Amino acid sequence: MAIELKQYLDSEGLRQWHQLVDSAQHIVIIGHHGPDGDAMGSSLGLCHLFRSLGKTDVQVVMPSLFPDFLKWLPGASDVLLYEYRRAATKTVLAKCDLLMCLDFNSLGRLEELAGPVGYCQAPRILIDHHLDPEPIAELVISDPPASSTSEIVFDLIWQLGYFPALTRDAAACIYCGMMTDTGGFTYNSSRPEIYFIISQLLTKGIDKDKIYRAVYNNYSESRMRLLGYILNEKMEYFPQRHASIFTLTKEEMTRFSFKKGDAEGIVNMPLQIQGTRLSISLREDTEKPLIRVSLRSVDDFPCNKMAEQFFNGGGHLNASGGSLKMTIEQARQQALKALEAYKDLLSDTPAK
């Protein structure tokens, strides 16, 4: 069986890409607020690629700080963080002649950076895998079934003939983005194309095992104790619903010396319970008066529909999120309502 990667650009798309990219001298690449491995990996991967193609002024901008376990990414120390350097970010945006929007489908995902980006007059290319992208760019490359935006970036590199210019640093970033957005290739990752891409990235000399350890084996002692506390003290399990809910308050995070990224992946842990189909995490935001909601599921349970209906959010079939402007207990009651509303899907066909 021959593996064929997706061709995202038709003849008009290719014309637009080259028109926008080839002439650009000052490129800014932006990811979403609260950048995760895919936002960072796809953005930095594309940044390294552009530089290897001779683009000398390429700047990655993120609205807010990224987790410590992503600081090893090549180029991460050069990322411009809007929450700390607002004036510098606005200067870069005023100068840029091409804005690359990666891993978000609307300006709202940028939160406070949405205004400055909205005022930016540079043409835009959007590359994303979330549902229902808004028309915020001249060229929109969107594929919700893709495992990650990093996968789409690789497919574009392949189609455009840029693969020979792909450096080891770029390959490491793209691999990290694909790995983190699939939970270490444990969900949304059963298509053979994904493993063909991995095989090609390995030819660039990346150490995928080292990348895994850098991301998943790089937590503090306090984070490990937080994990144990959540599983032992906070997780509520509902056997008839094959689902779990856990809450986390600011006080509890302070108790365990919480750092940005310490909650990463914990929502997946209850899915290890036999038969579990859904896990819901409810966490007080450390900076804003709202509750951050994360949902993870297995098989065909629609996290995205539940997130949209009950948590002002959305996302992918098995991994979604949202937020609620209420107390943590009110959020818990909202989650219980969601379980009740979806009881037929949760109860009748438990995971095997």
Reachable lysines, given that their alpha-carbon falls under 20 Å from the alpha-carbon of Lys337 and they are not under 8 places away in the same chain = Lys234, Lys305, Lys325
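Report, in deg cm²/dmol and to the nearest 500, the calculated mean residue ellipticity at 222 nm for the chain, where each DSSP H run with n ≥ 4 adds -39500 (n - 2.57) and the sum is divided by the residue count. Each step should come with its number before you reach the end.
Numbers: 13 runs with 130 residues, N = 352.
Using -39500 (n - 2.57) per qualifying helix, the result is -11000 deg cm²/dmol.
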Please say if the range 3-42 is rounded, prolate or oblate, where rounded means a/c under 1.5 for a ≥ b ≥ c the square roots of the C-alpha gyration tensor eigenvalues, and otherwise the choice is prolate for a/b larger than b/c and oblate otherwise?
-> oblate
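Determine the share of the chain's accessible area contributed by carbon and sulfur atoms, expressed in whole percent, with a 1.4 angstrom probe.
Numbers: 7750 of 15710 Å².
Ligands and nucleic acids excluded, carbon and sulfur give 49 percent.
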About its Cα centre, what dipole magnitude does the chain give when the only charges are +1 on Lys and Arg Cβ and -1 on Asp and Glu Cβ, stated in debye to the nearest 20?
-> 740 debye
When the Kirkwood radius is taken over all Cα pairs of the range 217-272, what Stokes-Einstein diffusion coefficient follows at 37 °C and 0.692 mPa s, in µm²/s?
-> 276 µm²/s
What residues of the range 4-44 lie in the reach of a label at Phe163, counting those whose backbone N is under 13 Å from a point 7 Å from the Cα along Cα→Cβ?
-> 4-7
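Tally Lys/Arg at +1 and Asp/Glu at -1 over every other residue whose Cβ is under 15 Å from the Cβ of Ile3; what's the total?
Local charge sum for Ile3: -2.
Assuming 1.306 mPa s and 10 °C, estimate D for the chain with Stokes-Einstein, Rh taken as the Kirkwood radius over Cα pairs, in µm²/s.
On the way: Rh = 20.9 Å.
Taking Rh from Cα pairs, D becomes 76 µm²/s.
For the range 103-213, just say rounded, prolate or oblate: build the C-alpha gyration tensor, square-root its eigenvalues into a ≥ b ≥ c, call rounded for a/c under 1.5, and beyond that prolate if a/b exceeds b/c, oblate if not.
Details: a/c = 1.96, a/b = 1.70, b/c = 1.15.
Prolate, since a/c reaches 1.5 and a/b exceeds b/c.
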How far apart, in nm, are two points set 7 Å out from the Cα along the Cα-to-Cβ line at Lys95 and at Gln121?
-> 1.7 nm
Could you pull the Rg and Dmax for the range 5-106, using just the Cα atoms, both in Å?
-> 13.9, 41
For the chain, what relative contact order do you get, as a whole percent, if you take Cα pairs closer than 8 Å and at least 6 residues apart?
-> 14 percent
The chain: most fluctuating residue of Met40, Met235, Met100 per GNM, C-alpha cutoff 10 Å | Met235
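Give the Rg/Rh ratio for the range 96-154, taking Rg as the radius of gyration of the Cα atoms and Rh as the Kirkwood radius, to two decimals.
On the way: Rg = 11.2 Å, Rh = 11.6 Å.
With Rh from the inverse mean 1/r over Cα pairs, Rg/Rh is 0.96.
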Roughly how many debye, to the nearest 20, is the charge dipole of the range 73-177 about its Cα centre, given +1 on each Lys and Arg Cβ, -1 on each Asp and Glu Cβ, and no other charges?
-> 420 debye
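Pull out the extension gain between Gln25 and Gln240, defined as 0.36 nm times the separation in residues minus the alpha carbon to alpha carbon distance; nm, one decimal.
Numbers: separation 215, 0.36 × 215 = 77.40 nm, distance 5.83 nm.
Once the chain is fully extended between Gln25 and Gln240, it gains 71.6 nm.
Could you do me a favour and compute the accessible area per residue for the range 101-241, 1.4 Å probe, result in Å²? Numbers along the way, then the final one.
Numbers: 6100 Å² over 141 residues.
Result: 43 Å² of accessible area for each residue.
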Which distance in nm do the two modelled labels at Asn312 and Ala87 give, with both placed 7 Å along the Cα-to-Cβ direction?
-> 3.3 nm
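Determine the gain in length on full extension of the stretch Thr203-Asp57; use 0.36 nm per residue of separation and subtract their C-alpha separation, reporting nm with one decimal.
Numbers: separation 146, 0.36 × 146 = 52.56 nm, distance 2.73 nm.
Here the answer is 49.8 nm.
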P(r) of the range 207-337 in 5 Å steps, Cα pairs, percent per bin?
-> 2, 10, 20, 22, 21, 15, 7, 2, 0
What nm value, rounded to one decimal, do you get for the distance between Leu14 and Glu193 when each label is placed 7 Å out toward the C-beta?
-> 1.8 nm
Which of these, Leu49, Leu160, Leu93, has the largest mean-square fluctuation under a Gaussian network model of the chain (Cα springs below 10 Å)?
-> Leu160
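The values are calculated or read from the model by the stated rules, or taken from the named source; none is laboratory data. What you are looking at is a predicted structure, and each value in this text was computed from that prediction instead of being measured. All Cβ positions, glycine included, derive from the backbone under ideal geometry; neighbour counts span all protein chains shown. To get the accessible areas, we keep the full protein, side chains included, count just its heavy atoms, and leave off ligands, DNA and RNA. Shrake-Rupley method; radii C 1.70, N 1.55, O 1.52, S 1.80 Å.
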